[in-house]
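See structure below.
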Number of protein chains: 2
Amino acid sequence: MNFDAITIRDIARELHLSVSTVSKALRDSYEISEKTKKLVMEFAQKHNYRPNPMAQSLKKGHSKSIGIVVSSIDNQFFSQVINGMESEAYSQGYNVIITQSHESYDLEVQNVGHLIHRAIDGLLISIATETADVEHLRKLQQQGLPIVFFDRVSTEIETHKVIVDNFGGAYQATTHLLDSGYKNIAHITSSVTSSVTKQRLAGYIDALVEKGIEVKEQYIKYCLHGGLNLDELEQAVDELMASEPRPDAILTASDRITTSTMTLLHRKNIRIPQDVALVGFSNTVLADVLNPSLTSVHQPAFEIGRKATEMLLSIINSKRPITEFENVILPTELFIRSSSASKHK
Amino acid sequence: MNFDAITIRDIARELHLSVSTVSKALRDSYEISEKTKKLVMEFAQKHNYRPNPMAQSLKKGHSKSIGIVVSSIDNQFFSQVINGMESEAYSQGYNVIITQSHESYDLEVQNVGHLIHRAIDGLLISIATETADVEHLRKLQQQGLPIVFFDRVSTEIETHKVIVDNFGGAYQATTHLLDSGYKNIAHITSSVTSSVTKQRLAGYIDALVEKGIEVKEQYIKYCLHGGLNLDELEQAVDELMASEPRPDAILTASDRITTSTMTLLHRKNIRIPQDVALVGFSNTVLADVLNPSLTSVHQPAFEIGRKATEMLLSIINSKRPITEFENVILPTELFIRSSSASKHK
DNA sequence: AATTTTTACGCAAACGTTTGAGTTGACGTT
DNA sequence: AACGTCAACTCAAACGTTTGCGTAAAAATT
């Protein structure tokens with residue numbers, strides 16, 4: 001499909017110039033006289049000339065597009081992140097190709113392969129909860145593909161990373177629950193292997209320890225599929241509700257887990273916060289109008305995406321190989337609402 | 001950036017064959033002996049050969065990618081639609097390039113231009129609420145770019161279209177409100193020019209007329225920016241709440257408008273459904289756990305995306321130009337919840 | 001006037017494929 | 001033995017750019 005079929009050749013023919021002259025004129029080369037440049041530029045303008053991106057890519061060896069891998073686009077947190085990525089990439093003349101891993105290791109590997117095949121200039125990835133082995137990514141990095149991790153990062157690969165203060169967010173949320181009079185606080189989180197899980201778990205534990213509360217193993221539930229699988233999550237909730245003493249609060253560690261847990265509690269007629277309080281990491285814009293309104297740890301999703309993209313493009317555009325890598329940590333924000341209403345009075 | 005720098009040339013050199021033989025062998029041409037094919041295939045496999053997509057695109061004149069324009073990715077309805085698109089495109093070896101119009105005409109034009117520049121093979125678009133003039137799209141279509149509309153379609157351009165039964169959805173929702181005892185039903189919708197708006201408005205009006213209820217102009221509020229602009233929406237809500245007689249129910253016509261209206265009513269301490277009932281088009285997975293749970297008109301978003309993509313790819317892959325265009329209308333589903341609880345008893 | 005320098009442009013190869021048009025040698029046909 | 005047929009390759013052009021190098025003519029320097 002060639003629309004506006006006008007090429008550099010056509011211009012050359014019309015203007016009785018050589019292709020190279022036209023090319024150079026368009027790129028404002030010093031080799032070309034002002035007069036000719038003007039002639040060419042105006043002709044190009046008038047005929048709405050656009051260089052063929054495929055030819056340019058082929059010649060220049062880059063595609064001006066970057067790949068994104070997230071678990072699911074249909075998730076407030078990730079769609080906001082992508083929004084930020086798209087915004088930054090776009091403003092720098094790049095476009096983004098999005099793929100979803102649906103938290104599956106196999107899909108992740110497949111997607112990354114597909115993206116590479118598509119000749120992306122760089123990769124933005126939040127690794128799937130299922131993913132434990134990151135060899136596929138390391139290999140690519142060694143071959144020279146710029147990679148920036150966001151959200152779920154790998155400690156085994158050195159590169160720029162953008163995360164939020166997961167520890168702080170969980171710590172703050174847990175402390176808030178404790179201050180509100182809750183004593184038996186459970187934690188539902190994703191896969192054990194995930195960096196995010198570890199950090200949030202540490203924040204949860206630290207807050208408890210600091211207040212002299214015992215950390216109970218049976219209060220900590222892992223969901224390998226990050227709550228995508230509702231059965232998995234339901235089992236976790238059921239087990240929690242059956243444990244002795246029954247938890248009076250739950251801290252949920254991801255957007256999907258938070259909203260799904262809320263839905264499950266509703267279905268089971270477990271009242272929030274009377275039977276069990278709920279605080280969760282979530283970026284839903286509906287937190288205010290949920291029943292009850294949801295106390296949430298909010299992440300600067302747009303900024304995560306924007307920043308990660310900015311960093312990736314800086315690697316891509318860098319002349320020399322990067323050796324110093326940055327680890328950006330953005331703050332979370334705790335929005336206190338009714339789902340964690342104080343137990344006192 | 002060239003990873004796995006292995007090209008068809010390298011294979012040819014190693015195997016003492018010509019480039020064309022290798023190329024043909026890889027494409028399983030009848031001109032090549034089985035023995036050679038096997039040799040080449042195995043070598044390619046072993047060295048993880050991947051044809052350079054840019055070279056292929058340049059040569060073949062297509063890019064195996066399709067462009068998508070939605071108002072905002074950060075919207076449950078659209079992210080679900082995109083999910084469906086990505087799924088279908090991916091399974092046919094295409095990838096998608098997503099852009100957002102943020103309901104702005106200018107951005108839409110700019111994005112479409114950018115996509116064309118990127119040499120997409122086809123376009124999936126839901127036009128912005130602001131867009132009244134579709135000349136930019138018609139021109140592209142005339143130049144041979146396959147286009148499929150979804151959600152917000154243009155009546156002025158003939159091509160495949162995928163929409164839902166907007167009339168039926170609105171009719172059903174309005175009838176449900178009437179049956180529940182509500183008499184003064186207002187309607188907040190998007191831009192007047194939009195196809196979706198017109199159809200939903202018609203469904204709303206028909207339901208009223210059928211029950212012999214007067215249609216009041218002041219009960220119908222348009223939001224040019226589709227609720228993206230909160231001030232605009234707030235004004236609409238304020239005006240409705242100030243009108244005489246005050247509406248006892250509102251039908252909202254898009255995901256964004258629905259959720260934002262709910263948020264606004266909360267802020268203004270207007271009780272749902274006691275003060276005013278609310279029924280809205282929405283695809284949020286949180287409808288069940290909202291306060292109150294939200295009666296919603298749900299659209300088969302994933303299927304819309306999947307179907308639209310399937311149709312676009314069929315145009316792209318069609319040998320002959322298409323002259324007969326399909327207009328797929330998918331059903332909506334009304335989920336009755338508490339925000340429209342019956343007034344009786 | 002002979003020379004070097006500068007200016008402004010053209011030539012041609014290259015990026016990695018695809019593809020129609022040759023080319024070769026082996027074989028079968030008369 | 002001379003011919004045509006066929007299988008299995010190779011050649012070379014093409015897709016639309018970019019870019020290093022070459023080269024005229026003009027300008028500047030002797």
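Each reported figure results from applying straightforward, stated rules to the coordinates on display, with no laboratory input. Quantities reported herein were computed from a predicted structural model and do not represent experimental measurements. So basically every Cβ, Gly included, is an ideal-geometry build from the backbone, and we count neighbours across all protein chains shown.
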Dipole axis of chain B (+1 Lys, Arg; -1 Asp, Glu on Cβ), positive-most option in B:104, B:294, B:327: B:327
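For peptide B:46-56, how many partner chain Cβ atoms fall within 10 Å of a residue's Cβ, on average?
4
Please give me, ordered by residue number, the GluC sites (Glu not before Pro) of region A:167-258 that lie in loop per DSSP and have at most 13 other Cβ atoms within 10 Å.
Answer in residue order: A:214.
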Amide N proximity, region A:305-345 versus residue A:274 label position 7 Å along Cα-to-Cβ, cut-off under 16 Å: A:338-345
Shape category assigned to region A:189-307 from the gyration tensor of Cα positions, a/c cut at 1.5: rounded
Those trypsin sites (Lys or Arg not before Pro) in region B:21-101 that DSSP places in a loop and that have at most 12 other beta carbons within 10 Å: B:27
Reachable aspartates and glutamates from residue B:38, criterion Cα separation under 20 angstrom, eight or more residues apart if same chain: B:10, B:14, B:28
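Within region A:264-333, report the chymotrypsin sites (Phe, Trp or Tyr not before Pro) that DSSP leaves as loop and that have at most 15 other Cβ atoms within 10 Å.
Details: sites: A:281, A:302, A:325; in loops: A:325.
Filter output for region A:264-333: A:325.
So, with +1 on the Cβ of K and R and -1 on the Cβ of D and E, and no other charges, what is the size of the charge dipole of region A:8-51 about its Cα centre, to the nearest 20 debye? Provide the component values of the computation, followed by the final result.
Details: 9 positive and 6 negative charges, 15 e Å.
Dipole about the Cα centre, nearest 20: 80 debye.
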Gap separating the Cα centres of region A:147-171 and region B:288-338, nearest whole Å: 37
Euclidean distance between Cα centres, region A:57-83 to region A:202-241, Å: 32
Within a Gaussian network of chain B (alpha carbon springs, distance under 10 Å), most fluctuating of B:45, B:143, B:76: B:45
Between 0 and 90°, nearest 10: helix A:76-91 axis offset from chain A longest Cα axis: 20
Calculated [θ] (222 nm, deg cm²/dmol) that DSSP helices of n ≥ 4 give over chain A, each run adding -39,500 (n - 2.57): -13500 deg cm²/dmol
Axis-proximal residue, chain B, for the rotation superposing B on A (Cβ, Å): B:291, 2
Other-copy label distances relative to residue B:239, 7 angstrom Cα-Cβ extension, nm: 5.6
Using a 7 Å Cα-to-Cβ projection, residue A:319 label spacings across copies, nm, ascending: 5.5
Inter-probe distance in nm under a simple model that places probes 7 Å from Cα toward Cβ, at residue B:211 and residue A:179: 4.9
For the protein assembly as shown: rounded, prolate or oblate by the Cα gyration tensor [a/c cutoff 1.5]: oblate
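Report the relative contact order of region B:57-162, percent, no decimals, based on alpha-carbon pairs under 8 angstrom and at least 6 residues apart. Could you put the intermediate results ahead of the total?
Values: 161 pairs, mean separation 30.2, N = 106.
With pairs under 8 Å counted, the relative contact order is 28 percent.
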22 Å Cα-Cα reach of residue B:343 towards lysines, excluding residues that sit fewer than 8 places from it in its own chain: B:183, B:211, B:216, B:268
Inter-label distance, nm, simple model (7 Å from Cα along the C-beta direction), residue B:42/residue B:92: 3.7
Three-way shape call for chain A based on the alpha-carbon gyration tensor, with the a/c threshold at 1.5: prolate
Lys, Arg +1 and Asp, Glu -1 on Cβ, resulting dipole of the protein assembly as shown about Cα centre, debye, nearest 20: 1580
Dipole of the protein assembly as shown, positive direction: furthest Cα of B:223, B:75, B:92, with charges on the beta-carbon: B:92
